Amino acid sequence: MTPTNNLPFSPSTAPLGAHGTPVCKHETASVLLRRVDNLLRPRALLNAGSIKDESGKFVTAAPQNGSEHTPDNAEARFTQLVTGNARWHWPEEQEGEHLIGFDTLGKQLRFRPGQLLGEGVKLTVIQGELKATAIHLPPPVIINLREAAPASEDLLTDEQLKYFRENGNNALIFMHGYNVPHGEWGRLGWHSNKATAWQDPQTVNDEYLNGAGAHNWAVHMEYRLNRAAGFDGENWMPYSRIINVSWPGNTGSTDFMQAELNAMTAGRRLAPLLLQLADAGIAINLISHSLGARVALTALNIMGAMGKRDLVDHLFLWQPAVADNALTNDSNRDVHPLGLGVFPNAHKAARKIVVLHSRGDGILGPDSSEDDDWWWRVISPVSWAAVKAWDIATADDPMDEILGKLRGAYDKKWWTFPSFLDNGFRPAIEKLYKDYLPLTFEAWMTAHPQRSLAPYLRLKQTVKENWVRLEKDILAEATALWQPCIDCLRNGERPPDYTLLAPLNHRAGVSPQVARDFVLRLKKLAVNNWFPAQPPRPALGYVGFEELLDKSAAGFDAFIARNYDQGKFTPIDQTGWLFSHSGMRIPSEDVFNRSYKDEIIERLKNQGRKQFGRY
């Protein structure tokens, strides 16, 4: 035998066969790719991506013909692949269905959403056929109540309904608060793919990664709730989607009245979704933030009035921007001049109502008799406010300037100064009744300055005629919609919206007598130049039930106290750890542990069944 060291070359010691022959001589094989979600349900493979094989060639698979999520549509076969090392590159993720796992025979890989975007997933193509399974998150769920849409778009699709039924048979609905635009999804790292699951921003802008507006709230709330329930942040297999409600609360920093009207219209549209989930036998839990409480309470008030008891397992009102007595059953305790401050039937539709409040909330408070007296004096015609108006007008952010000088915003929501901020009742009311102006002499002269010299008696007659016309049309609307509202709700359908009676959209229906009472309230407010006779009650999200449970206080409410004693109403004072109005969106460790985990998730788990996803 000739010694190898005398040869003019070094022979290969690799064995003959697929891995020991030149690439051009490799055997070809196939990969059968199956796609599922994290419930291991088949998902249609409309685009299976491509596989780059050992030779560097990209191979695609023929797309399926159907979009239905059937086993056949969930499979795609890549053929004529050179055996050896390969990478599967998936297409741009549709609807945020992020890749979180890839399984082959004897090997399971788990990823964070977007972790391998761009570089693809490693796999080894073997002789014959390799079977592989790609696991994706299901798409997020956002119910958009901002624009006019067919009633069917306010409901879950059959596929979404099936997801919540199979994912623990429960659904959690979240409603954002005031001044939150609709926004959009963020990006997966530096790629164009939309991100619908939370990413750690670190040095990258949070809105770039996690979206803006209602989408940003959706990403953050969903992630924190999953973490609080037991998700470890690495294995996304148990991750559960929630239902996010986007409603038109972004009316501007000072037009709070219009935002309240929008919230009630949205709550009216939300009611059929609750009925849909309940009819499907799916447990329902609601979480609202800030003015989102009015959306949730409107829906529950309507359901309660329709006799739907315990429709919702838990209602969590987080920093609710509603009156502290909003949950009373006595409408006579409502101090709102138009009668939309309390929701007397909301309690009937929820088994448990938890109020998370904090005196560290600089938007909803502070509330004290001294401060109330102070700001009520400020709005007199000649006041400190007039002196400071120019400072506010020229500030970089007028609302920030107001909050800094006036210590809190919620209890000033009925202010009618300064006029350039379009705050108080007037802007929303004049928009609502624009076809009936003027309703006051001053309103007439403001709207039509060229007629300001018209005889006084003519002005008076014009206003009187407008009121007669408005009252007639309000009563006609009440009569026309009373029965249709009841019929629609009984059938689980979207009830018609009130327009002239929009401030009463939190009611299932408005009877003619209630409409007459509303007209009297409206006239009283107009006579006082749209200025209420008394300040609003403090925000529930600031004081909780403090005064309502104090038998020695003027505001003591026996109904609230009884439900508190029976454990149906539970106030959680977060003053010691929540120091800002939106501190739960990107929470501190204390807020995460004490509010998310202890006060929300633990209460759901204590029901003896799965109440958040499959945890």
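Filter the helices (runs of 4 or more DSSP H) completely within the range 507-615 down to those with at least 3 residues that are crowded, with 21+ Cβ neighbours inside 10 Å.
Correct list: 512-527, 540-543.
Which of the residues spanning the range 43-91 are without any contact (Cβ under 8 Å) to a residue 60 or more places away in the chain and among the basic types (Lys, Arg)?
Scanning the range 43-91 gives 57, 77, 87.
Just to be sure, is residue 310 under 25 Å from the mean Cα position of the chain (by Cα), among the acidic types (Asp, Glu) and more than 27 Å from residue 359 (Cα to Cα)?
Yes, satisfied.
Since residue 481 meets every condition but one in (1) assigned to a helix (DSSP H, G or I); (2) more than 15 Å from residue 433 (Cβ to Cβ); (3) touching a helix residue (DSSP H, G or I) at 6+ places or on another chain (Cβ under 8 Å), which condition does it not meet?
(3)
Considering only the range 530-546, state which residues are farther than 13 Å from residue 415 by Cβ and either modelled with pLDDT of 90 or more or not hydrophobic (A, V, I, L, M, F, W, C) (or both).
If the condition is that a residue be farther than 13 Å from residue 415 by Cβ and either modelled with pLDDT of 90 or more or not hydrophobic (A, V, I, L, M, F, W, C) (or both), then 534, 537, 538, 539, 540, 541, 542, 543, 544, 545, 546 are the ones that fit.
In this structure, is residue 489 farther than 22 Å from residue 306 by Cα and of a type outside the set (Gly, Ala, Ser)?
Judged against the criteria, residue 489 is not a match.
Among the numbered criteria (1) buried (at least 19 other Cβ atoms within 10 Å of the Cβ); (2) assigned to a loop (DSSP other than H, G, I, E, B), which single criterion is violated by residue 147?
(1)
Could you tell me whether any residue of the range 119-142 is modelled with pLDDT of 95 or more, under 30 Å from residue 499 (Cα atoms) and touching a helix residue (DSSP H, G or I) at 6+ places or on another chain (Cβ under 9 Å)?
yes
In the range 94-114, what residues are assigned to a loop (DSSP other than H, G, I, E, B), surrounded by fewer than 17 Cβ atoms within 10 Å (Cβ to Cβ) and under 30 Å from the mean Cα position of the chain (by Cα)?
Scanning the range 94-114 gives no hits.
It is to be established whether one or more residues within the range 180-188 are farther than 18 Å from residue 137 by Cβ and out of contact with any helix residue (DSSP H, G or I) (no Cβ under 7 Å at 6 or more places or on another chain).
No, there is no match, as no residue in the range 180-188 is farther than 18 Å from residue 137 by Cβ and out of contact with any helix residue (DSSP H, G or I) (no Cβ under 7 Å at 6 or more places or on another chain).
Contact list please: Cβ distance under 7 Å, first residue in the range 463-474 and outside the structural domain of residue 436 (by TED's automatic domain parsing), second residue surrounded by 11 or more Cβ atoms within 10 Å (Cβ to Cβ), pairs at least six apart or on different chains.
Once the first residue is outside the structural domain of residue 436 (by TED's automatic domain parsing) and sits in the range 463-474, no partner that is surrounded by 11 or more Cβ atoms within 10 Å (Cβ to Cβ) comes close enough.
Could you pull out every one of the strands (runs of 3 or more DSSP E) wholly within the range 33-86 that has 2 or more residues that are at pLDDT 95 or above and crowded, with 20+ Cβ neighbours inside 10 Å?
75-82
Which pairs turn up if I take residues in the range 422-436 that are among the small types (Gly, Ala, Ser) and look for partners that are not in a helix (DSSP H, G or I) with beta carbon separation below 7 Å, at least 6 apart in sequence or on another chain?
Qualifying pairs under 7 Å: 424/414; 424/415; 424/416; 424/530; 428/255.
When the residues of the range 339-371 are narrowed to those that are assigned to a loop (DSSP other than H, G, I, E, B) and charged (D, E, K, R), which ends up modelled with the lowest pLDDT?
That would be 367.
So which of 470, 453 is modelled with pLDDT of 90 or more and either in a loop (DSSP other than H, G, I, E, B) or under 23 Å from residue 264 (Cβ atoms) (or both)?
Within the list 470, 453, the selection yields 470.
Look at residue 136 and say whether it is buried (at least 22 other Cβ atoms within 10 Å of the Cβ) and within 30 Å of residue 611 (Cβ to Cβ).
yes
The values are calculated or read from the model by the stated rules, or taken from the named source; none is laboratory data. Remember, it's a predicted structure, so these values are computed and weren't measured experimentally. Don't worry about glycine lacking a Cβ; one is built from the backbone with ideal geometry, like all the others, and counts go over all protein chains shown.
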